[in-house]
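Trainee: The structure follows.
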Amino acid sequence: RAKSAGGNRFELADPEADARAITRHGLTTALPAALERGEFFIEYQPLVHLGDGSVRGAEALVRWLHPQHGVLGPDQFIPLAEDTGLIVPLGRWVLEESVRQARTWQARTPDGADAGPLRVNVNLSPCQLTHPGLVSDTVDILERLGLAPGALCLEVTESALIGADDDLLKPLRRLAEMGVDIALDDFGTGYSNLANLRRLPVSVLKLDRSFTQGMQRFPADPVDLKIVEGIVALAHSLDLAVTVEGVETGAQAEQLRDLGCDTAQGWYYARPGPPDRLHELALADATG
Ligand code: C2E
Ligand code: MG
Ligand code: MG
Ligand code: MG
């Protein structure tokens, strides 16, 4: 628009960008009090065994019930919490709450009625990986709440581990030695060196939703299928289990099972929901 003779440009404030900036600033400053006031809550999305369809556990996904804006998703506030360091106490809260929940599911599940104790997956931010309290906090929470380490899986994104040196991997290695599963989340988006997988203390690959989306088309692109098949073969040869994200149709589930994937997660099975809902789904399928 208006341009002065001198070439200085005047720009209209973009009202939307302004609203975003105010919101971003407002949200950032509101985060610490929100944690103290208990405005965060967790939804759980089932992890389903592709072979027999049983619910084996759930991924914990944090939400913020903001007093003015309503429910905000993690993509709207996790980056802000990472910038300000609040992710460390927030992440610790999510871990403790999820471990407590898994313990509750297990205590309420009748013996022999299930496909093994329900497990819980918790996402870790890169900042939590470099925080010195990660191992001791995790050990403390598991012991205090009485959950077996094997019932916990920590999800770390592939991009957080690209080029990771031994210092970064050490805490994850210690947790893995204790029996905690480590999953490589959003796998396939980070262009990591596949040979590098051998160095990482991970036991699960979570194939990113973009792969499943590629299979949405019918017939699916044969090259996409070959890629998934190859990743599964590689993962299994390294003793890694494969979980797929974003399964939205029965056809996808069938195809992914035929390609050898072990576990699936997605709207086809259930949207993320309250903890009791997860337990109902698990019980319903365990008792027929
Ligand atoms: P993620 O770990 O890859 O989690 C999966 C995301 O995919 C979730 O989004 C889930 O709701 C969504 N999803 C599940 N099934 C389907 C499906 O069938 N179709 C589609 N289109 N989407 C599906 P959500 O809950 O918005 O979480 C987004 C991301 O936020 C997560 O991605 C994770 O990276 C991060 N996040 C969530 N909770 C936490 C947390 O407690 N701590 C940290 N550091 N990050 C978290
Ligand atoms: Mg995840
Ligand atoms: Mg994921
Ligand atoms: Mg993802």
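Trainee: When the expected Rg is taken as 2.2 N^0.38 Å, what fraction or multiple of it is the alpha-carbon Rg of the chain?
Mentor: 1.11
Trainee: Continuing with this model, one more query. Any chance you could run the full-extension gain for ALA220 through THR23? It's 0.36 nm times the residue separation minus the Cα-Cα distance, nm to one decimal. Mind dumping the intermediate values first?
Mentor: Values: separation 197, 0.36 × 197 = 70.92 nm, distance 4.07 nm.
Separation in residues times 0.36 nm, less the Cα-Cα distance, equals 66.8 nm.
Trainee: So if each residue of separation counts as 0.36 nm, and I subtract the Cα-Cα distance between ALA233 and ARG108, what length gain in nm does that give? Working shown, then result.
Mentor: Working: separation 125, 0.36 × 125 = 45.00 nm, distance 3.69 nm.
Length gained between ALA233 and ARG108: 41.3 nm.
Trainee: Same structure, new question: With a 1.4 Å probe and all protein chains left in place, how much of the accessible area of the chain comes from carbon and sulfur atoms, in whole percent?
Mentor: Numbers: 7690 of 14650 Å².
Whole-percent figure for carbon plus sulfur exposure: 53.
Trainee: Still on this model: Taking the inverse of the average 1/r across all pairs of different Cα atoms in the stretch 184-285, what Kirkwood radius in Å do you get?
Mentor: Numbers: mean 1/r = 0.0693 Å⁻¹.
Kirkwood hydrodynamic radius for the stretch 184-285: 14.4 Å.
Trainee: Quick one: helix 134-145 against the long Cα principal axis of the chain, what's the angle to the nearest 10°, folded into 0 to 90?
Mentor: Tilt relative to the chain: about 50 degrees.
Trainee: Taking a label point 7 Å from the Cα of ALA148 along the Cα→Cβ vector, which residues of the stretch 235-271 have an amide N closer than 19 Å to it?
Mentor: Label zone hits: 241.
Trainee: Here's another thing I want to ask about it. Per the helix-only calculation at 222 nm, which mean residue ellipticity applies to the chain, given -39500 (n - 2.57) for every DSSP H run of n ≥ 4 and division by its residues, nearest 500 deg cm²/dmol?
Mentor: On the way: 11 runs with 132 residues, N = 288.
One gets -14000 deg cm²/dmol as the mean residue ellipticity at 222 nm.
Trainee: Tell me, how many Å apart are the Cα centres for the stretch 193-262 and for the stretch 139-161?
Mentor: Taking the Cα centre of each part, the stretch 193-262 and the stretch 139-161 sit 23 Å apart.
Trainee: Please identify the longest segment of the chain free of exposed chymotrypsin sites (Phe, Trp or Tyr not before Pro), where exposed means a DSSP state other than H, G, I, E or B and no more than 12 other Cβ atoms within 10 Å. Don't jump to the answer; show the numbers that get you there.
Mentor: Values: sites that count: PHE10, TYR191, TRP267.
So the longest stretch without any such site is 11-190.
Trainee: What are the trypsin sites (Lys or Arg not before Pro) within the stretch 206-283 that DSSP puts in a loop, where the Cβ has at most 14 other Cβ atoms within 10 Å?
Mentor: Values: sites: LYS206, ARG209, ARG217, LYS226, ARG257, ARG277; in loops: ARG217.
When the trypsin sites (Lys or Arg not before Pro) of the stretch 206-283 are filtered for loop state and at most 14 Cβ neighbours within 10 Å, ARG217 remain.
The values are calculated or read from the model by the stated rules, or taken from the named source; none is laboratory data. Keep in mind that what you see is a predicted model, and the values were worked out from it rather than measured. All Cβ positions, even for glycine, are placed from backbone atoms using ideal geometry, and neighbour counts span all protein chains on display. The area values use the complete protein model at the heavy-atom level, side chains included, leaving out ligands, DNA and RNA. Shrake-Rupley method; radii C 1.70, N 1.55, O 1.52, S 1.80 Å.
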